[in-house]
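Working notes for the structure below.
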Amino acid sequence: VQKWTKFEGIGQLQLGDFTLMCMATTEEKPYRGSTVHLEDCDFGAVTPPRQLWSIDKSTLSLKNELTGMCLSSSSSANGDLPYLVDCIVITPPGSNAAVDGFAFDFAAGHNGAMIGGSYLSNSPKCTSVTQCSQTIKAPIEQAPRITHIDGFVKTGNLLTMDGSINELLEITITSRDPNANDLIQISFEPYDRNLLTDPSVTWPDAYQCSGGSAPGTNCTCTSPGVGCTTCPGGGTCVRNARNPCPANPCTRTFAWLPTLSTLFSNPTTFIFIASDIPTNEYDPTSLSPVQSDEPLQAVISVNMPPEFVEPTPPYKCEGGTRNGAEYPARADCVARCEEEGGGECLNADLYVSIGNSLEITIKAANRQPGSVIQILFVGEGPGGLAPPASRLEVSETLPTTQLITDGAELKEVLRFNPAFRTWKFTPNA
């Protein structure tokens, strides 16, 4: 896996023993500072520029055709990640020539090569060899970067996922800070604000109570064993093993178990932000401002079953703490009325007199955009035989009219979410 193959001139860089895998760059800007990754080689008529590389034999630099940038590493330490930066020739030691600002920013701090400080002087006689006055020192501050998602190298700032009701969805995020002494914390922000405290979302705090009368509940400490809140019943506030952050690197796992009783827009979006806790080993009282990586957006679409809604004849709760409550769906009635409230879920009472007709509308909808709902009538129910077909008038599943925006205009469209169906019964005279 350390062997590479490349054709003369501009061409693909193939993994030696796995020639179907090529090194590629991201296609999303900004390119500077982004990492490279392996992907399936594209042998089509037009090779994507992200897979094309050229070698400058005079400088031995490796240049990518899409980005126009060169592959670089500011440290030879085991585990450092190569990244893209402008193709330059850095001024050799002892020279008084100016070094481009971007070269200083990225080559000096991207992977921590110069952590320990830079020497600043306004003397024109100073060179990179003499370094002159070394009284002014400060770490080269860099923002942390989210590098991996679910164990894979991050290739962009938009993550799309699909899931289903009652299916556990997890996202594991790893972030690193080039400043080895800085710590990282990862926060999340849902577009649906109620999900911040909803029990369906698991985002463990850094500390939790151990022992006492409420083990596992959240608590806070300014540092391990220092400035901790009191846990109920004599418990101890300790680090939460499920949240090792702040740390560097920092890895946290977000978990969500969407349910029908959870209120959320569909699809819903979660924002994750990695921020640093700056340190200055030379002057702990002089800290750089907090820096953050670009937000990572996770857009999750949830497959949801339809639910009966008004004007569907409701089930009624009799007795218990929810006496008199009405529910369009029987499953919801059983869960709320019987299992939670201790009452009894009763079928809707429908009456019709001889010579009259009974007509009801069944309506269903879900929170999954673009879905098509079908409503089926069962011929015989649990309470007995269905009325004879000659006494029934049953419609097909019918769409509802909705307004959509088309530029500056409002248009009416027909959609089968929500959808409804009518059922009419006329008894014998």
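Computed from the C-beta positions of residue 65 and residue 226 and an R0 of 56 Å, the FRET efficiency is 0.55 to the nearest 0.05. Over all other residues within a Cβ to Cβ distance under 14 Å of residue 275, the charged ones net out to -4, with Lys and Arg as +1 and Asp and Glu as -1.
With the highest mean first, a sort of the peptides 391-400, 306-315 on other beta-carbon atoms found within 10 angstrom per residue produces 306-315, 391-400.
To the nearest 0.05, what FRET efficiency results for residue 4 and residue 378 with a Förster distance of 60 Å applied to their C-beta separation? Before the final figure, lay out the partial values.
On the way: r = 65 Å, r/R0 = 1.08.
In this case the efficiency is close to 0.40.
Using a simple spin-label model with pseudo-atoms 7 Å out from Cα toward Cβ, residue 160 and residue 408 lie 3.1 nm apart.
Rg over Rh for the range 260-316 works out to 1.40, using Cα positions for both radii and the Kirkwood form for Rh. All other residues whose Cβ lies under 15 angstrom from that of residue 158 are scored, Lys and Arg at +1 and Asp and Glu at -1, for a net of -4. Stretching the chain fully between residue 393 and residue 73 yields a gain of 107.7 nm (0.36 nm per residue, less the alpha carbon separation).
Over the range 20-60, the pair-distance histogram of Cα-Cα distances with 10 Å bins from zero comes to 25, 47, 28, 1 percent, rounded to whole numbers. Taking amide H as placed 1.01 Å from N in the peptide plane, the amide H of residue 148 sits under 5 Å from that of 154, 174, each at least 5 places away or on another chain. Here the gap between residue 352 and residue 303, fully extended at 0.36 nm per residue and compared with their Cα-Cα distance, gives a gain of 13.8 nm. Here the peptides 267-276, 352-361, 189-198 are ranked by packing, the mean other Cβ count within 10 Å, and the order with the highest first is 267-276, 189-198, 352-361. Between residue 263 and residue 196, the modelled labels are 1.5 nm apart [label points 7 Å from Cα along Cα→Cβ]. Pairs of alpha-carbon atoms within less than 8 angstrom and 6+ residues apart define the contacts here; what relative contact order does the range 169-287 have, in percent? It rounds to 40 percent for the range 169-287.
Expected output is a single nm value to one decimal: the length gained when fully extending between residue 360 and residue 338, i.e. 0.36 nm times separation in residues minus the C-alpha distance. What is it?
Numbers: separation 22, 0.36 × 22 = 7.92 nm, distance 2.58 nm.
Roughly 5.3 nm would be gained on extension.
Phi angles of the range 261-266 translate, via the Karplus equation with coefficients 6.51, -1.76, 1.60 and θ = phi - 60°, into HN-Hα couplings of 7, 8, 8, 7, 6, 9 Hz per residue; Gly and Pro are given as x. Taking a label point 7 Å from the Cα of residue 236 along the Cα→Cβ vector, which residues of the range 203-217 have an amide N closer than 20 Å to it? Output list for this probe position: 205-217.
Taking Lys and Arg as +1 and Asp and Glu as -1, the other residues whose beta-carbon sits under 13 Å from that of residue 70 total -1. The chymotrypsin sites (Phe, Trp or Tyr not before Pro) of the range 323-429 that DSSP puts in a loop, and whose beta carbon has at most 14 other beta carbons within 10 Å, are 351, 377.
No lab work stands behind these numbers, since they all come straight from the coordinates. Since we're looking at a predicted model, the values are computed, not measured. In this analysis, Cβ positions are derived from the backbone assuming ideal geometry, glycine residues included, and neighbour counts consider all displayed protein chains.
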